[in-house]
Amino acid sequence: MSEAVAGDVAGTVGERFRELYGADPEGVWAAPGRVNLIGEHTDYNDGFVMPFALPHTAVAAVSRRDDGILRLHSTDIGADPVELRVADLTPESDRSWTAYPSGVVWALREAGHELTGADIHLASTVPSGAGLSSSAALEVVVALALNDLHALGLRGWQLARLCQRAENVYVGAPVGIMDQTASACCEAGHALFLDTRDLSQRQIPFDLAAEGMRLLVVDTQVKHSHSEGEYGKRRAGCEKGAALLGVDALRDVPYADLDAALERLADDEEVLRLVRHVVTEDERVERVVSLLESGDTRAIGPVLVEGHTSLRDDFRVSCPELDLVVDTALASGALGARMTGGGFGGSAIVLAEESDVDAITKAVEESFAAAGHTAPRVFEAVPAAGARRVG
C-alpha cells in the first residue's frame, strides 16, 4: 500500500470512527495480510518459513477508554458496535469475529499490561478465508495500536507472540507463529526468512518485477477455518512424530537423517507422511533462501512445485480447486506454483514470467469455469510493509 493510499484509507476509517463514537480517534494503524512463499505447516514444528506481506491490510482507528468498556466495530460486518467489558473477557467465550480483537486485549492484560478499555473501528481489504492471514492482520493491528497508545514498548516479535496466544487460547485455534510475525515484522520489497523457534529473522530481497517476473495469488474462493479439526489433527500428528523420534520438535530431525527416521515410523503411515513433509519442507525453505541470495530466482519455481506435491500427497491439505490452479498454471508455462496457507481451500501462488501472466490467468479462469467452480480471484502479490501507524 503506497503512503498516499494508506493516507486515504486512514482518513476514511477515521471519519467512520467519528460517526460511530462521536470523537476523533487517537490514531489509525494498518497491518497486512501475508503470502507464504515457502514453508507450510513448519511453524508449529519450530521450523523455517518465508512469508512476505501483502498490500492488503486491516486498518484500525482506536482511542483509549478508562471505564473498562471495549467497543468494537467492523465495516465489513456492518452491524452496530459490540460492547464488552474487559474484565469479563474469557477464552473461547466468543465465536464471532470480535474474538480476534478482544482476544488481543485479553492477552495483553494476561501479560500484565493494564488496559482499561478502548473504542475500535476496523476495516480490512485482506480476503477472509483465503489463506492470506486476515485474522492475524486483525490481531496485529489492534495489538500495535494498543502498544503505541499505552506506550508498552513491545517489539514486533513480542506483539506477534501475544497475538498468537490470543488465537491459540482465546479463539481456540492451534495456529503457529508465522502469520502474526509476518504481519508485524515484514519489510517492503523483501521476504522474511523466519526461524520460528527463536524468532530470529532475515529480510531477503524479493523484487520479481526487476527480473521480469510476477507472483500471482489465485484465491480459489473455497473458504477454510484453522479452528476446524483437520488442522488440529495434523498438528497432533506432528507432535506424536516428534515424541516417537525422541526430539523436542520435528525441526530437530536432520534432513540427512530423514530416511532413518522414517524407518522408525514405518508402523504409523499417517505420522510418517506428516514427518516427511515437515522435514523436507524445512529443507525447501533453506534452498529457496540460498537461491534468492545467489540471484538464481527463477530456480525457485521447481521448489515451489515440490512443496505443493508434498502438501497434497503427504500432508493432505490440498483440495481439487488448489490442485487445478497448480496443474493449469504449470501447463500454461508458469515457472512454479503451489498452494499457500493452511490448506483445505484458500489460495495458491503462481510464479511466472511477466509476459506469460495474462495467458496463465486466462487459462486458470477458463479451467475453473469448465469444472463448474466459482470463479477465482487473481491478483499480483507485491511484497509490502508490515504493521505501522498510518494516521
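FYI, it's all coordinate maths here, none of it is from the lab. Every value quoted in this text rests on a predicted model; they were computed, and no experiment measured them. Cβ: placed from backbone, ideal geometry, glycine included. Neighbour counts: every protein chain shown.
A few comments on the model shown:
- With Cα atoms as the point set, the chain shows a radius of gyration and Dmax of 20.8, 66 Å.
- Amide H partners (placed H, <5 Å) of SER124, local residues excluded: VAL59, ASP76
- Label sites at LEU258 and GLU114, each approximated as a point 7 angstrom past Cα along Cα to Cβ, lie 5.3 nm apart.
- Loop GluC sites (Glu not before Pro), the range 7-92, which have at most 14 other Cβ atoms in a 10 Å radius of their Cβ (DSSP): GLU92
- Entry for the range 49-116 at q = 0.11, 0.12, 0.18 Å⁻¹: log10 I(q)/I(0) = -0.32, -0.38, -0.79, Debye formula applied to identical alpha-carbon scatterers, no solvent contribution.
- Each residue, ARG18 and GLU380, gets one label point 7 Å from its Cα in the Cβ direction; the gap between the two is 3.6 nm.
- Loop-located trypsin sites (Lys or Arg not before Pro) in the range 144-194 (DSSP state not H, G, I, E or B) with no more than 14 neighbouring Cβ atoms inside 10 Å: ARG155.
- The trypsin sites (Lys or Arg not before Pro) of the range 73-115 meeting both criteria, a DSSP state outside H, G, I, E and B (loop) and at most 16 other C-beta atoms within 10 angstrom of the site's C-beta, are ARG95.
- Dividing the helix sum by the residues of the chain, where each DSSP H run of 4 or more adds -39500 (n - 2.57), gives a mean residue ellipticity at 222 nm of -12500 deg cm²/dmol.
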